[in-house]
Amino acid sequence: MDLGLQGKVALVTAASKGLGFASAKALVGEGASVAINARHGHRLEEAGTALGADVLTLPGDVTDPDVPARLVAETVERFGSLHVLVANAGGPPNARALDVDDETLRGAIEANLLTSVRLVRAALPHLRAAGWGRICLITSSSVKQPIPNLATSNTARAGLWGWAKTASHELIDEGITLNLACPGLHRTDRIAEAGLSGRLGDPADFGKVVAFLCSEPAGFISGAALQIDGAGTLGLL
């Protein structure tokens with residue numbers, strides 16, 4: 001299937017490893033020009049080398065309020081336009097709902113809600129100028145089924161889902177889609193470090209799903225939160 005991404009320009013954040021890297025790799029494989037971002041410069045450069053010489057590497061902490069606009073501006077400066085945004089950020093630490101303090105909760109909302117909103121706001125003028133846009137926010141299956149002991153993540157990501165559902169309705173008539181990719185457990189460094197096991201997805205497969213959500217044929221898919229979790233979500237909605 002031709003995903004219609006040849007010649008399109010994409011920005012993927014938190015993409016030096018894991019699901020962000022897999023998403024960037026899938027977009028490169030479909031012929032898109034890709035900019036990737038991560039906090040750690042050496043990991044970012046290694047990821048850029050692995051993805052190909054034409055990939056733009058943009059170091060910076062995407063949770064810093066000033067960084068999203070800079071990443072978008074530098075992507076457009078290099079490639080001349082922007083069509084695809086894949087917003088990703090690391091998850092917050094474990095926390096029980098009744099134990100979490102204000103500072104920890106604010107940090108989760110900053111990283112896993114406001115960061116994506118800022119990226120979308122910065123990208124929108126360029127997507128509108130192109131007359132075509134795809135936005136995919138990498139979140140978690142917890143937007144549909146909260147995960148025990150991840151109260152801060154559950155709270156922030158559910159809030160992002162509410163915002164995204166509303167924003168997708170506002171954007172669809174402009175030819176811009178906005179969806180959530182909601183992973184369950186995948187074979188990533190984060191999962192290995194946490195000592196989790198069981199049914200694990202392949203990050204490469206996850207990246208291909210993200211690429212499809214960002215594709216030409218997916219133009220009538222918007223406002224969706226697609227769980228990619230190997231049947232881990234038990235609810236019907």
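No value in this document is a laboratory result; all are computed from the given coordinates. Bear in mind that the values here come from a model prediction, so they are computed numbers and not experimental data. Note that each Cβ is placed from the backbone with ideal geometry, even for glycine, and that neighbours are counted across all protein chains shown.
For Cys136, Cys214, what ranking results if the residue with the fewest other Cβ atoms within 10 Å of its Cβ goes first?
Ascending Cβ contact count within 10 Å gives the list Cys136, Cys214.
Along Cα→Cβ, 7 Å out, is where each label goes; now give me the distance between the ones at Gln145 and Arg121 in nm to one decimal.
Label-label distance for Gln145 and Arg121, simple model: 3.5 nm.
Using a Gaussian network model on the chain with a 10 Å cutoff between Cα atoms, which of Asn154, Asn112, Asn37 fluctuates the most?
Asn154
Report the relative contact order of the chain, percent, no decimals, based on alpha-carbon pairs under 8 angstrom and at least 6 residues apart.
21
Between Asp64 and Thr104, with labels modelled 7 Å along Cα→Cβ, what's the label distance in nm to one decimal, could you check?
2.7
Considering lysine pairs in segment 9-228 that are 8 or more places apart or on different chains, how many have Cα atoms under 20 Å apart?
Lysine pairs meeting the criterion: 4.
As a footprinting exposure proxy, order Phe220, Phe21, Phe79 by other Cβ within 10 Å, with the fewest listed first.
Listing Phe220, Phe21, Phe79 from fewest to most nearby Cβ atoms yields Phe220, Phe79, Phe21.
Sequence-distant or interchain residues sharing an amide H contact under 5 Å with Ala35, placed H: which?
Amide H to amide H, under 5 Å and 5 or more residues apart or across chains, Ala35 pairs with Ala10, Leu11, Val12, Leu56.
Just subtract the alpha-carbon distance of Ser81 and Leu237 from 0.36 nm times their residue separation and send over the number in nm, one decimal.
The Ser81-Leu237 span can extend by a further 52.5 nm.
Only Cα pairs within less than 10 Å get springs; with that Gaussian network setup on the chain, which residue of Leu160, Leu85, Leu98 has the largest fluctuation?
Judging by the Gaussian network model, the answer is Leu98.
Using alpha-carbon pairs under 8 Å, 6+ residues apart, how would you state the relative contact order of segment 1-108 in percent?
It comes to 29 percent, rounded to a whole number.
What aspartates and glutamates sit close enough to Lys8 to cross-link, taking a C-alpha to C-alpha distance under 12 Å and skipping anything fewer than 8 places away on the same chain?
Reachable aspartates and glutamates: Glu30, Glu216.
Pick out which of Ala122, Ala95, Ala53 has the largest mean-square fluctuation in a Gaussian network model of the chain, springs linking Cα atoms closer than 10 Å.
Result: Ala53 has the largest fluctuation of those listed.
Listing His40, His126 from the residue with the fewest other Cβ atoms within 10 Å to the one with the most, what is the order?
Arranged by neighbour count, lowest to highest, His40, His126 become His40, His126.
Quick check for me: using +1 on Lys/Arg Cβ and -1 on Asp/Glu Cβ, what's the dipole size of the chain about its Cα centre, in debye to the nearest 20?
300
Set Lys and Arg Cβ to +1 and Asp and Glu Cβ to -1, take the dipole of the chain about its Cα centre, and tell me which of Thr166, Leu236, Val143 lies farthest positive.
Comparing the listed Cα positions along the dipole, Leu236 ranks first.
What is segment 95-144 by shape, rounded, prolate or oblate, if you read a ≥ b ≥ c off the alpha carbon gyration tensor as root eigenvalues and call it rounded for a/c under 1.5, prolate for a/b larger than b/c, and oblate otherwise?
oblate
Any idea what angle helix 151-171 forms with the longest principal axis of the chain, computed on alpha-carbon atoms, 0 to 90 degrees, nearest 10?
With both axes taken from Cα atoms, the answer is about 40 degrees.
For the pair Asp173 and Ala53, how long in nm is the line joining their label points, each one 7 Å along Cα→Cβ?
The two pseudo-label positions are separated by 4.7 nm.
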